[in-house]
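What follows is one structure encoded as structure tokens, with my remarks underneath.
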Amino acid sequence: MKVKINNKTENYRSVWFEPESGIINAINQTILPDKFEITELKTYTETAEAIKTMIVRGAPAIGVTAGFGIAQACMHAPKQNFTDYLKKAAETLKSTRPTAVDLFHVIDGLLNKIKDSDAIENKENAVEISVSESQKIANETINACKKIGEFGNELLKNKSKILTHCNAGALACVDFGTALSPLRIAKYAGKEIFVFVDETRPRFQGAKLTAWELLNEEIEHKIIADNAAGYFMQKGEIDLCIVGADRITANGDVANKIGTYEKAVLAKENNIPFYVAAPISTIDFSIKSGNEIPIEERNEDEVLSVNNIRIAPIGSHALNPAFDVTPAKYITGIITEIGIFKPEEIYKLKDN
Ligand code: MRU
């Protein structure tokens with residue numbers, strides 16, 4: 001992704017791994033857009049903490065980072081206790097955030113690869129497999145996101161006005177993004193587009209992160225309060241919506257950042273197409289419908305305070321579900337790396 005620092009444009013991934021040192025580097029997403037800082041994660045416990053505290057966030061980036069965390073665990077595990085150490089690391093990494101399924105897919109996939117090759121008996125083999133496979137997952141994630149961008153770009157016309165919610169950009173996906181990838185590709189193709197950016201309370205991923213990415217890419221946009229989307233839809237100012245996903249179930253229901261559901265309902269009411277952009281790795285074929293998806297509840301302080309300044313009266317409490325589920329009937333299409341599908345077709349992608 002393009003990052004403008006001191007009038008210079010540089011290219012970054014949101015997270016990357018240095019196998020020689022065993023260090024994961026991650027753009028610290030908790031302090032953007034005020035500060036651009038790379039956080040070094042030296043052990044799998046530091047990596048798990050970074051996922052939990054959202055230094056790294058967004059479904060695909062969480063998965064990729066957890067994969068690097070497994071590689072760190074293989075590198076640091078004592079030879080004698082290798083299996084137990086790795087099991088503990090996998091449990092710790094899995095316990096960070098419950099909703100984004102990429103986390104579980106990547107960890108289980110890596111553990112299976114290590115087991116299949118008998119590397120579990122041989123630390124050196126396990127290190128080699130986990131390092132090369134986790135790097136491969138990062139590269140595959142980027143390629144999938146680029147393809148999503150190419151398919152999604154076909155939905156965009158010159159002057160299209162798009163609404164997006166939360167941050168499903170390069171920060172959330174190592175590079176390109178899911179929902180933001182079509183916007184990047186459209187811009188590179190010379191289209192003029194305009195983006196309505198939902199601020200995305202309580203953590204403001206829209207106002208802080210999506211706006212920062214769009215600014216770096218010089219894509220025209222304005223931030224709107226979360227409760228303003230209906231107003232602009234009614235006025236005919238939004239041509240289509242594109243959001244990301246944390247978990248898609250076999251029937252095409254989609255868990256994404258809290259507030260996505262109400263935007264989808266409003267879009268249907270106003271005859272506006274509502275698209276979800278996600279790689280196939282975000283589909284959980286083991287779950288039939290959205291009501292089985294575990295929804296993360298985060299600390300009430302995120303709602304009661306803004307940038308650590310309390311806005312609610314002392315004594316009031318808050319509820320803070322981090323995600324909601326949009327039923328398939330509100331979704332026009334799901335943009336994947338192999339094409340755009342109706343939600344009811346999603347179950348057919350199982351063997352891809
Ligand atoms: O809580 P977050 O910031 O990790 O939630 C992120 C989202 O809801 C994104 O829309 C989703 O992970 C898709 S990212 C490509």
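Every number in this text was worked out from the coordinates using simple rules, so none of it is lab data. All figures in this text were calculated on a predicted structure; none of them were measured in a lab. All Cβ positions, even for glycine, are placed from backbone atoms using ideal geometry, and neighbour counts span all protein chains on display.
Per the Kirkwood formula applied to alpha carbons, segment 169-288 shows a radius of gyration over Rh ratio, Rg over Rh, of 0.95.
Distant-in-sequence amide contacts of Ile224, defined by a placed amide H-H separation under 5 Å and a gap of 5 or more residues or a different chain, comprise Val197, Asp198, Glu199. Computed from the C-beta positions of Asn11 and Asn308, the FRET efficiency with R₀ = 41 Å rounds to 0.80. Charges were assigned to the Cβ only: +1 to each Lys and Arg, -1 to each Asp and Glu. The resulting dipole of segment 150-349 about its Cα centre is roughly 360 debye. Taking max minus min of the alpha-carbon positions on each principal axis, segment 176-224 gives extents of 34, 18, 15 Å, largest first. Taking 0.36 nm per residue of separation and subtracting the Cα-Cα distance, full extension of the segment from Asn112 to Lys342 would add 79.7 nm. In segment 209-352, if the dipole is taken from +1 on Lys/Arg beta carbons and -1 on Asp/Glu beta carbons about the Cα centre, which of Leu304, Tyr261, Phe323 is farthest to the positive end? Of Leu304, Tyr261, Phe323, it is Tyr261. Each Lys and Arg adds +1 at its Cβ and each Asp and Glu adds -1 at its Cβ; summed about the Cα centre, segment 8-88 shows a dipole of about 220 debye. Note that segment 20-26 has calculated 3J(HN,Hα) couplings of 4, 9, x, 9, 9, 9, 9 Hz, one per residue in order, obtained from phi through the Karplus relation 6.51 cos²θ - 1.76 cosθ + 1.60 (θ = phi - 60°); glycine and proline are x. Sparsely packed loop sites in segment 1-94 (the GluC sites (Glu not before Pro) outside DSSP H, G, I, E and B with at most 16 other Cβ atoms within 10 Å) comprise Glu20, Glu37. Its Cα centre serving as origin, segment 2-145 has a Cβ charge dipole (Lys and Arg +1, Asp and Glu -1) of approximately 440 debye. Per residue, the convex hull spanned by the Cα atoms of the chain measures out at 136 cubic angstrom. For segment 128-175, the list of trypsin sites (Lys or Arg not before Pro) that fall in a loop by DSSP and count at most 14 other C-beta atoms within 10 angstrom reads Lys157, Lys159.
As a calculated quantity, the FRET efficiency between Ser316 and Asn291 at R0 = 30 Å, using C-beta atoms, amounts to about 0.55. Extension gain for Glu18 to Asn227 (0.36 nm times residue separation, less C-alpha to C-alpha distance): 71.0 nm. A dipole drawn for the chain from +1 and -1 charges on Cβ atoms has a positive end, and of Gln234, Val64, Tyr188 the residue lying farthest that way is Gln234. Segment Asn125..Glu49, full-extension length gain: 24.7 nm, with 0.36 nm per residue of separation and the alpha-carbon distance subtracted.
In the chain, the DSSP-assigned H stretches of four residues or longer account for a calculated mean residue ellipticity at 222 nm of -10500 deg cm²/dmol, using -39500 (n - 2.57) per stretch and the full residue count as denominator.
Taking the charge dipole of the chain about its Cα centre, with +1 at Lys and Arg Cβ atoms and -1 at Asp and Glu Cβ atoms, the residue from Leu215, Phe151, Ile346 reaching farthest to the positive side is Leu215. Local charge for Glu344 was computed over the other residues whose Cβ lies under 15 Å away, with Lys and Arg +1 and Asp and Glu -1, and equals +3.
Taking Cβ atoms as reference points and 14 Å as the exclusive limit, the residues near Lys268 contribute a net charge of 0, counting Lys and Arg as +1 and Asp and Glu as -1.
The calculated pair-distance distribution of segment 150-349 uses every alpha carbon pair, bins of 10 angstrom beginning at 0, and gives 9, 36, 37, 15, 2, 0 percent. Neighbours of Glu40 by Cβ distance under 13 Å: Lys/Arg scored +1, Asp/Glu scored -1, total -3.
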